[in-house]
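Report on the following structure.
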Amino acid sequence: MVTKKGGRPTVHEIPLGELVIDLTLSPRAGIDKKWVEYLAEVIDLVPPVEVVQVNGDKLLAEGFHRYYAATRAGRQTLRGKVRPGTRLTAASLAISENMTHGKPLTAQERHAAIRRYAEVNLEMSQTDMARDLGISQQLVSAVIKTKPTPQGGLSLSKEKELTSSGLPEEVQEKIRDVAKEKKWTTDDVAAAVETQKSDQINPEYKEKALAGEVPPITFKGGEPAFTVSQVAQGAVEALAKDVRVKFAKAWAAATAMDNLIPEEVVDSLDSGGLKMVNTVAPVHMEWVSELLRLTQQRMELRTSLEDI
């Protein structure tokens, strides 16, 4: 059984250059630069780091922020507790020390740490794990039973939408990044997949969607279903390669306008809004008049051809 203790530790002043740094041992998501800056100012007061002697290497197991703080402070050495052990000893020690000391872990980091501790201590009881990690046995049990969020930070349902999409890996990864940044739902991810796969959406819009600059397009019956919010965005004007799709989108917006009572709209506008309507409305009226003229002309022509 791997335990967090390993052999009996001894305290040494360890040259920074002798320490082997492997951040994958740390249960933390990364290095907090502000925390490093703070520790650098009080470097003489920090406790020793934890080091595991693995064969001839001094593997830093716990105290990564203190290591970088010592480097920032211009130190050549750092006090450390050194004990013999294995890489698994170092991993186990890194988790238990970070769970019980130092800067608190986030909830996600804590849950990942508990699962990792269980993996490297397969023969340890949940009661002993709880004791080592300073938490309740009920929490250990609950976390181990819960399926972890897949690598990439998305839920299983969102990952399923991506991995079953047939899209290239690089496209899936871009969707994954935007989904995390924008906090997309599973439906949003599904829409992003359809947007990339559809031949009705032009490449320019697809690229903007992958960059998170425009929203994904929802689909109904295999056809783009544009929302009012999407209609309002000028970038969406270039999304369809078929002008009929553009017109359907504009018509949907016009239909939504029909549900508004003009008097209520005017009452709700400030001076800037009133000026905008006064400027834009005549332009649209001219466009609609031209559309009606051409439509009537085309209908008359088709009637004439049918009578021949």
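The values are calculated or read from the model by the stated rules, or taken from the named source; none is laboratory data. Model, not experiment: these values are computed from the prediction. Every residue, glycine among them, receives a Cβ derived from its backbone with ideal geometry; neighbour counts consider all protein chains shown.
Summary table
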{"quantity": "Matching residues, the range 44-96, being surrounded by fewer than 17 Cβ atoms within 10 Å (Cβ to Cβ) and on the phi > 0 side of the Ramachandran plot", "calculated": "N55, G74"}
{"quantity": "Those residues of the range 258-302 which are hydroxyl-bearing (S, T, Y) and under 41 Å from the mean Cα position of the chain (by Cα), in sequence order", "calculated": "S268, S271"}
{"quantity": "Pair list, Cβ under 9 Å, 6 or more apart: the range 20-35 residue in a helix (DSSP H, G or I) and surrounded by 16 or more Cβ atoms within 10 Å (Cβ to Cβ), other residue of a type in the set (S, T, N, Q) and modelled with pLDDT of 85 or more", "calculated": "none"}
{"quantity": "Output for the range 36-47, where each listed residue is touching a helix residue (DSSP H, G or I) at 6+ places or on another chain (Cβ under 7 Å) and either outside any helix (DSSP H, G or I) or basic (K, R) (or both)", "calculated": "V46"}
{"quantity": "Hits in the range 130-180 - residues which are at pLDDT below 85 and among the hydroxyl-bearing types (S, T, Y)", "calculated": "T146, T149, S155, S157, T163, S164, S165"}
